[in-house]
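What follows is a short report on a single structure.
The values are calculated or read from the model by the stated rules, or taken from the named source; none is laboratory data. These numbers come from a predicted model, not from an experiment. Cβ coordinates were reconstructed from backbone atoms using ideal geometry, including for glycine residues, and neighbour counts include every protein chain displayed.
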Amino acid sequence: MTHEEVKQIVLDIIAEIAPDEDISNVKPDVRLREQLDLDSMDFLDIVMELRKKHGIEVPEEDYTKLASLDSCAEYLTPKFKAKAS
Amino acid sequence: MSTLEGERYDAVIIGAGMSGLAAGIRLALFNKRVLILERHNAPGGLNSYYSRSGLRFDVGLHAMTNFVRQGVKGTPLTKLFRQLRIPCEAFALCEQYGSRIHFPDVQLEFTNDFTHFESQIADKFPHEADNFRRLVVALKAFDETALDYQPCGAKDVIKKFIHDPILTDMLLLPLMYYGSANENDMDWAQFVIMFKSIYCEGFARPFEGVRCILRELTKKYKSLGGERKMGLGVKRIHTLNTHAKALELDNGSMITADHIFSSAGLVETLRLCDDQPPNTGGEHIGKLSYVETIHALDIQPSALGWKDTIVFFNTQKEFTYRCPQLPVDLHSGVICFPNNYHYVNDEPLEQGWLRITALANYNYWKSLAPDAYQDAKTEWFTQLTSTALNCLPPVSVDVLKSHTVDIDMFTPTTVERFTGHLGGAIYGSPQKNRNGKTHLDNLYLIGTDQGFLGIVGAMLSGISMANYHVLKND
């Protein structure tokens, strides 16, 4: 699993939970909340979908690591790799 | 037919109203095994429907509040659609024509465009225009959904901004009628919720009314594998120390659940628990109840000159919002025309409808024997109708009668029967419990007594309690 693939997974989840957002031009290094209208309820759903779809657990104290696509990739890629092995 | 005996659920929800269905969708979405139990045969609770002699009656819902046009972000309505994963097109909301607050010497119109309301206030209350703007700034900055909020009276806060008591009453009347469980005041956070949902956002309605909303919620819930049992209520919650260990159902079956969400109301839920005395919480039972008269017409209201969507009226100098001494308080109320929305292609509803809501005295209606109850309904139906006619473009009682094909009326005892709220308390207990916690660690309140009011508030209540008590801690 590459960083790019993980970013796509996160984008797919955002597309599902917030279909009214335009995610075609999300900048990976900018905080998601600055580009998209996402609130804490939406972030809870991102975490819940990561678990439901991919079996990835994100404890509450790590929610801040999902701030941007880059930080998502940084934080989640090792988790996806551990899952795959 | 399954009795459910011995079944085990991740979550059981008491009541298939707006809050219960919304909580059920959230939990089922994340693979919880969920059961919604509803004592009645129709879903909706306070907001429901029935058919009689071929006519499709709606009860409860006058309008869906919180309307914003597609693309407006960050409002309760958009949050709701996202959290429920229901596309906003599903409700097919159509906007109101316009509504009115009718007082003896002054009227304020409002639409789904807040600037119209601001200009009405500037026009009718020029001395208060700046104060009103400051009030709006203050309430927009307030976080009304914080679960740790400490209640305070709205009138005290409004007084810091608005000095004209008539304007204060005019602002309060629609918000109280659409959501206050407190007599003669409302909680400040409730005021903010209702102010934003009614004045800043606005009214809309699906062509099919509340049926459409309930159908979409039910469809979503079932598609996620949620289970629902109609015509079966919860008789008792069996406890062990501070834990709800089992639910005993009306049919005698016992089931268990890790989590229980109750929309029955604060006092009503406590009284289900076997560790509480039978009359517990009596002081928290709400005192406000309503009657509503319904005229089904063979003509569209607009053909009679009635083009308002909703009229909030008060015929006295001062507006009082409390349990009346008389059976019905004829001094104020709400007149609703479900026909007066911008439906697609201007398609008219099959029937014309005139619905009139007013405060009523529960104890009076409860005390009546069946015959006297019918007589009282007839008498107060007539009186309330003629009061309301005085607040509308003129149509005589005889003309209205000649176009009336059916009538109905609900009273505080009807509210009690269909919502289970003691005292027919339309908005439940004045005591709200924002975080939904009870004396039991796995029993939570949702709906009216959790305290997010209005139909959108009710759904957000179910959503936020499911998130807060179950999904977040998973």
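List of remarks:
- Filter pass, B:Gly305 being crowded, with 18+ Cβ neighbours inside 10 Å and on the phi > 0 side of the Ramachandran plot: no
- In the condition set (1) touching a residue at least 40 places away in the same chain (Cβ under 8 Å); (2) within 14 Å of chain B (Cβ to nearest Cβ), A:Glu60 is compliant with all but (1).
- Pairs are defined by a Cβ separation below 9 Å, a sequence spacing of at least 6 or placement on different chains, a first member in the range B:213-226 that is at positive phi, and a second member that is of a type outside the set (A, V, I, L, M) and surrounded by fewer than 18 Cβ atoms within 10 Å (Cβ to Cβ); the pairs so defined are B:Gly225/B:Asn31; B:Gly225/B:Arg33.
- Some residue of the range B:4-23 being within 30 Å of B:Thr413 (Cα to Cα), among the charged types (D, E, K, R) and away from chain A (no Cβ under 14 Å): no
- The set of residues in the range B:11-50 being assigned to a strand (DSSP E or B) and modelled with pLDDT under 95 consists of B:Gly44, B:Ser48, B:Tyr49, B:Tyr50.
- Meets criteria (in contact with a helix residue (DSSP H, G or I) (Cβ under 8 Å, 6 or more places away or on another chain) and assigned by TED's automatic domain parsing to the domain that holds B:Thr111) for B:Leu135: yes
- Scanning the range B:77-107 for residues that are under 19 Å from B:Ile335 (Cβ atoms), aliphatic (A, V, I, L, M) and surrounded by fewer than 22 Cβ atoms within 10 Å (Cβ to Cβ) yields one hit, B:Val106.
- Remark: B:Leu297 falls outside the filter, which requires a residue to be modelled with pLDDT of 95 or more and closer than 17 Å to B:Gly420 by Cβ.
- Residue match in the range B:411-423 (condition: of a type in the set (Phe, Trp, Tyr) and touching an Asp or Glu at 6+ places or on another chain (Cβ under 7 Å)): no
- Cross-chain or 6+ apart pairs with Cβ under 7 Å, the range B:66-84 first and within 10 Å of chain A (Cβ to nearest Cβ), then at pLDDT below 90 and surrounded by 20 or more Cβ atoms within 10 Å (Cβ to Cβ): none
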